[in-house]
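Novice: One structure is given below, represented as structure tokens, and several questions about it will come after.
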Amino acid sequence: MKAAVLRAFDRPLAIEDIAIADPRDREVLVRIMATGVCASDLSTIRGKTASELPLVPGHEASGIVERVGAGVSRVKRGDRVVLSWAPNCGHCFYCQESHPTLCDTYGGAAMSGGLWDRTSRLGPAEAPLKHYSCVSSFAELAVVPETGCIPIPDDVPFAVAALVGCAVTTGFGAVTNDATVRPGDRVAVVGVGGVGINAIAAARLAGAEVICAIDVNPAKREVALVHGATHFVNAADADCREQVRQLSHGRGADGTIECTGRPAAMTLAYDITRPAGTVVIVGIAPVGAQFAIPAIGLPGSKKHIVGSIYGGGVPERDIGRILSLYRQGRLDLDRQIGRRITLAEVNEALRELEAGVLARTIIAFD
Ligand SMILES: [Zn+2]
Ligand SMILES: [Zn+2]
């Protein structure tokens, strides 16, 4: 199969013909139909995460089940699926504690660059390539754990399903599971990218009265307003914090969703949240980065700082809810889709993402 391979950090991906092994027990071979180009792929390719090479990136994807390994009961050949980049085992400590996105079994597999048994199905047996988050969708085919396959209705386009595989579920869940936004709330969203747009849309659906989108790029204003923001504040403005306070009864936001991964933006998110409000950190910072908050103010502020990965809930459940809202016409995911490209154009799409593209580029395989 054709795959885009990362052999050195900060270099273009190479389109190569590589081998893919049969699915083993409780694994599924999926023909990739669409995959988004996400900021996490970019961070990995730029060497900002702790990944081992060579690897096949791509983690926001949808496809059709081609073949199933022994013991697979959730899906069958021909099923249309979203791929989850945080499949879970169902029996480890965190799965039992109802935190499936923290699954220990998945964590070990993802760190190893393999699947559940920490071995790879990609490339020749003597020189295997690493899987990326148990997905590796910058390729025509993928072998994934059974619990990474979530069946979807026939009327959901593959490009939409791919987006739901990462950005939509991450932003939506940060609002509904972790910020627990209520009708009438005043919400701030820092960073208007793939995840931020979905945090904005989810806050709108939750009934937030003020949704203040914040970005350093003034070109993001329009896209923020289109997806439901009521106001836009330029993070580069000297009085940015004051502007947000003015929009939220002079107190600060009830809940703030940080989606950039930049430490300065995390400090901003903390500063603009009101006392006893909730700061949700979604953005993935580079390895080793820290963010500063004024320690003396924390006890008296009673602020909650919450980390949120993949929406922080139960991804299978949340993906079902998101697709229900989409099919009811209440969540416009079609409008989030930008250019459709081929796998051979992936490097150009990564450069566009870095420059601040306004809609998600989708690699389509049909
Ligand atoms: Zn992603
Ligand atoms: Zn688990």
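Novice: Going from most exposed to least, what order do PHE138, PHE9 have by accessible area with a 1.4 Å probe?
Specialist: Values: PHE138 0, PHE9 75 Å².
Descending accessible area places them as PHE9, PHE138.
Novice: Consider just the alpha-carbon atoms of the range 170-307 and return their Rg together with their Dmax, both in angstrom.
Specialist: Radius of gyration, then largest Cα-Cα span, for the range 170-307: 13.2, 39 Å.
Novice: Next question, about the same structure. Count neighbours as other Cβ atoms within 10 Å of each site's Cβ, and list the trypsin sites (Lys or Arg not before Pro) in the range 1-60 that are DSSP loop with at most 16 such neighbours. Show your work: numbers first, answer last.
Specialist: Details: sites: LYS2, ARG7, ARG24, ARG26, ARG31, ARG46, LYS48; in loops: ARG7, ARG24, ARG26, ARG46, LYS48.
Of the trypsin sites (Lys or Arg not before Pro), the ones in loops of the range 1-60 whose Cβ has at most 16 other Cβ atoms within 10 Å are ARG7, ARG24, ARG46.
Novice: For helix 194-205, report the angle its Cα long axis makes with the longest principal axis of the Cα atoms of the chain; keep it between 0 and 90° and round to the nearest 10°.
Specialist: With rounding to tens, the tilt is 60 degrees.
Novice: From the phi of every residue in the range 318-323, what ³J(HN,Hα) in whole Hz does the Karplus formula 6.51 cos²θ - 1.76 cosθ + 1.60 yield, where θ is phi - 60° and glycine or proline is x?
Specialist: 5, 4, x, 5, 4, 5
Novice: Provide the packing ranking of 164-175, 332-343, i.e. peptides ordered by the mean count of other C-beta atoms within 10 Å per residue, highest first.
Specialist: Working: 164-175: 29.9, 332-343: 16.2.
Highest to lowest by the protection proxy: 164-175, 332-343.
Novice: Beta carbons within 10 angstrom, averaged per residue: use that to sort the peptides 76-85, 123-132, highest first. Intermediate values should be presented prior to the final figure.
Specialist: Details: 76-85: 21.0, 123-132: 16.9.
Result, highest mean Cβ count within 10 Å first: 76-85, 123-132.
Novice: Rounded to the nearest 500, what is the chain's calculated 222 nm mean residue ellipticity when only DSSP H runs of at least 4 contribute -39500 (n - 2.57) each, over all residues?
Specialist: Details: 12 runs with 97 residues, N = 366.
One gets -7000 deg cm²/dmol as the mean residue ellipticity at 222 nm.
Novice: Under a cut-off of 21 Å between alpha-carbon atoms, report the lysines in cross-link reach of LYS130, not counting same-chain residues fewer than 8 places apart.
Specialist: LYS2, LYS48
Novice: So which trypsin sites (Lys or Arg not before Pro) in the range 239-270 end up in coil per DSSP with only 14 or fewer other C-beta atoms within 10 Å?
Specialist: Numbers: sites: ARG241, ARG245, ARG251; in loops: ARG251.
Sparse-neighbourhood loop trypsin sites (Lys or Arg not before Pro): ARG251.
Novice: For the chain, report the accessible area per residue in Å² (1.4 Å probe, heavy atoms, rounded to an integer).
Specialist: Values: 15210 Å² over 366 residues.
Result: 42 Å² per residue.
Novice: For the range 49-175, what relative contact order do you get, as a whole percent, if you take Cα pairs closer than 8 Å and at least 6 residues apart? Show your work: numbers first, answer last.
Specialist: Values: 230 pairs, mean separation 43.9, N = 127.
35 percent.
Novice: From the phi of every residue in the range 334-348, what ³J(HN,Hα) in whole Hz does the Karplus formula 6.51 cos²θ - 1.76 cosθ + 1.60 yield, where θ is phi - 60° and glycine or proline is x?
Specialist: Rounded to whole hertz, the list is 4, 6, 7, 8, x, 5, 9, 10, 9, 4, 5, 9, 4, 5, 5.
Novice: Grab the other residues whose beta carbon is less than 15 angstrom from that of GLN243, score K and R as +1, D and E as -1, and report the net. Before the final figure, lay out the partial values.
Specialist: On the way: positive: ARG186, ARG221, ARG241, ARG245, ARG251, ARG274; negative: ASP215, ASP237, ASP239, GLU242, ASP271.
Counting the neighbours of GLN243, the net charge comes to +1.
Novice: With a ≥ b ≥ c the root eigenvalues of the C-alpha gyration tensor of the range 90-211, is it rounded (a/c under 1.5), prolate (a/b larger than b/c) or oblate? Mind dumping the intermediate values first?
Specialist: Details: a/c = 2.50, a/b = 1.83, b/c = 1.36.
Taking the square roots of the gyration eigenvalues as a ≥ b ≥ c, the range 90-211 is prolate.
Novice: Heavy atoms only, probe 1.4 Å: what % of the accessible area of the range 312-366 goes to carbon and sulfur, would you let me know?
Specialist: Numbers: 1300 of 2790 Å².
Answer for the range 312-366: carbon and sulfur cover 47 percent of the accessible area.
Novice: I would also like to ask the following. For the range 170-307, what % of the accessible area comes from carbon and sulfur atoms, probe 1.4 Å? Could you put the intermediate results ahead of the total?
Specialist: Details: 3170 of 5780 Å².
The computed percentage sits at 55.
Novice: Give me the net charge of ALA179's neighbourhood, meaning all other residues with Cβ under 10 Å from the Cβ of ALA179; Lys, Arg count +1, Asp, Glu -1.
Specialist: Working: positive: ARG182; negative: ASP178, ASP185, ASP254.
For residues surrounding ALA179, the net value is -2.
Novice: Hey, got the Cα dimensions of the chain along the principal axes, in Å, largest first?
Specialist: 60, 39, 39
Novice: What is the set of long-range amide H partners of ILE284 at a cut-off below 5 Å, with H atoms built 1.01 Å from backbone N?
Specialist: Amide H to amide H, under 5 Å and 5 or more residues apart or across chains, ILE284 pairs with GLY261.
Novice: Within the accessible area of the range 1-99, what % is carbon and sulfur when the probe is 1.4 Å and the other protein chains stay in place? Don't skip to the end; give the middle numbers.
Specialist: Working: 2100 of 4460 Å².
The value for the range 1-99 is 47 percent carbon and sulfur by accessible area.
Novice: Using Cα pairs closer than 8 Å and at least 6 residues apart in sequence, work out the relative contact order for the chain, in percent. Walk me through the numbers on the way to the answer.
Specialist: Working: 891 pairs, mean separation 64.3, N = 366.
Worked out over the chain, it gives 18 percent.
Novice: Here's a follow-up. What does the charge count near SER301 come to, summing +1 for each Lys or Arg and -1 for each Asp or Glu among other residues with Cβ under 12 Å from its Cβ?
Specialist: On the way: positive: ARG251, ARG274, LYS302, LYS303; negative: ASP271.
Once all neighbours under 12 Å are counted, the net charge is +3.
The values are calculated or read from the model by the stated rules, or taken from the named source; none is laboratory data. Keep in mind that this is a model prediction, so the values were computed, not measured. Cβ sites come from the backbone with ideal geometry, for glycine too, and all protein chains shown count toward neighbours. Ligands, DNA and RNA are stripped out before the accessible areas are found, and what is left, the full protein with its side chains, is counted by its heavy atoms. Shrake-Rupley method; radii C 1.70, N 1.55, O 1.52, S 1.80 Å.
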